[in-house]
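The structure appears right after this line, and notes come after that.
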Amino acid sequence: MTDWEKCVAFHGHACGGLTIGYKAAQYAARLLDLPECTDEETVCISENDACGVDAIQVLLGCSIGKGNLLFHMTGKQAFSFYHRGTGKSVRLVLRDKPGEMSREESFQYYQSREPEELFDVKPTRIALPERARLFDSYICAGCGERTGANWVRMHDGKPLCPDCYPTYDRFRV
């Protein structure tokens, strides 16, 4: 099975969005000489939660669970990649397509282009995030569910999860 076929199998279908992530991951791997990722050596911060992120997971081994796939939601087709071993990083920003295209035309356009034709290469805007941490957890006094210490808030001396913590807004009626 080719890398493209693996991405399609993981995502569920072939589309222009998946192609964008596929080409971005290939380009980042080449630009940064990324190793095969077994832990957090490679980090990706995606500025969208669209189809392309699935290809990045498959090709680069980035995942939310490992803590090396993060989202900085700007709504842009932009991805920052980091190589922890070398300290190198790059931000790839998708260029505009020439003119209006149907979905099929878009798919063909992205498929037929080299990554260098699709992305502007820019410096990263966000510093390399620290490695994922493990947190103690507490039982929420409101719902009884276990919650990571970093997210617990104290209210009247009791630990509450974000869902149970009462919001404070002096302008709310």
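Calculate for the chain the 222 nm mean residue ellipticity that helices alone would give, adding -39,500 (n - 2.57) per DSSP H run of length 4 or more and normalising by residue count, nearest 500 deg cm²/dmol.
Numbers: 5 runs with 49 residues, N = 173.
Calculated from helices alone, the mean residue ellipticity at 222 nm is -8500 deg cm²/dmol.
Which value, in debye to the nearest 20, describes the size of the charge dipole of the chain about its Cα centre when Lys and Arg Cβ atoms bear +1, Asp and Glu Cβ atoms bear -1, and nothing else is charged?
Details: 21 positive and 24 negative charges, 118 e Å.
I would put it at about 560 debye.
Given the alpha-carbon gyration tensor of the range 7-57, what are the semi-axes of its equivalent ellipsoid in whole angstrom, ordered largest first, with each equal to the square root of 5 times an eigenvalue?
Numbers: eigenvalues 73, 25, 23 Å².
That gives 19, 11, 11 Å for the three semi-axes.
Work out the FRET efficiency for Lys88 and Phe10 from their Cβ-Cβ distance, taking R0 = 30 Å, and round it to the nearest 0.05. Spell out each step's value before the answer.
Values: r = 27 Å, r/R0 = 0.89.
Efficiency computed from Cβ-Cβ geometry: 0.65.
Report, ordered by chain and residue number, the lysines lying within cross-link reach of Lys6, taken as a straight Cα distance under 22 Å and ignoring same-chain residues fewer than 8 apart.
Lys23, Lys66
List the relative contact order of the chain as a percent without decimals, with contacts defined as Cα pairs under 8 Å and 6+ residues apart. It would help to have the intermediate numbers written out before the result.
Working: 270 pairs, mean separation 31.3, N = 173.
That works out to 18 percent.
Which listed residue (Phe119, Gly61, Val93) has the Cα farthest towards the positive end of the charge dipole for the range 52-125, taking +1 on Lys and Arg C-beta and -1 on Asp and Glu C-beta about the Cα centre?
Ranked along the dipole, the leading option is Gly61.
Determine the distance separating the Cα centre of the range 92-152 from the Cα centre of the range 8-35; give it in Å without decimals.
13 Å
Name the residues whose placed amide hydrogens come within less than 5 Å of the amide hydrogen of Phe119, ignoring near sequence neighbours (fewer than 5 apart) on the same chain.
Arg95
Please report, in debye to the nearest 20, how large the charge dipole of the range 60-131 is about its Cα centre when each Lys and Arg carries +1 at its beta carbon and each Asp and Glu carries -1 there. Provide the component values of the computation, followed by the final result.
Numbers: 12 positive and 9 negative charges, 106 e Å.
Here the range 60-131 has a charge dipole of around 500 debye.
Bear in mind that the values in this text are calculations on the coordinates, not laboratory data. The model shown is predicted, which means the values in this text are computed figures rather than measured ones. Virtual Cβ from ideal backbone geometry, glycine too; neighbours counted across all protein chains shown.
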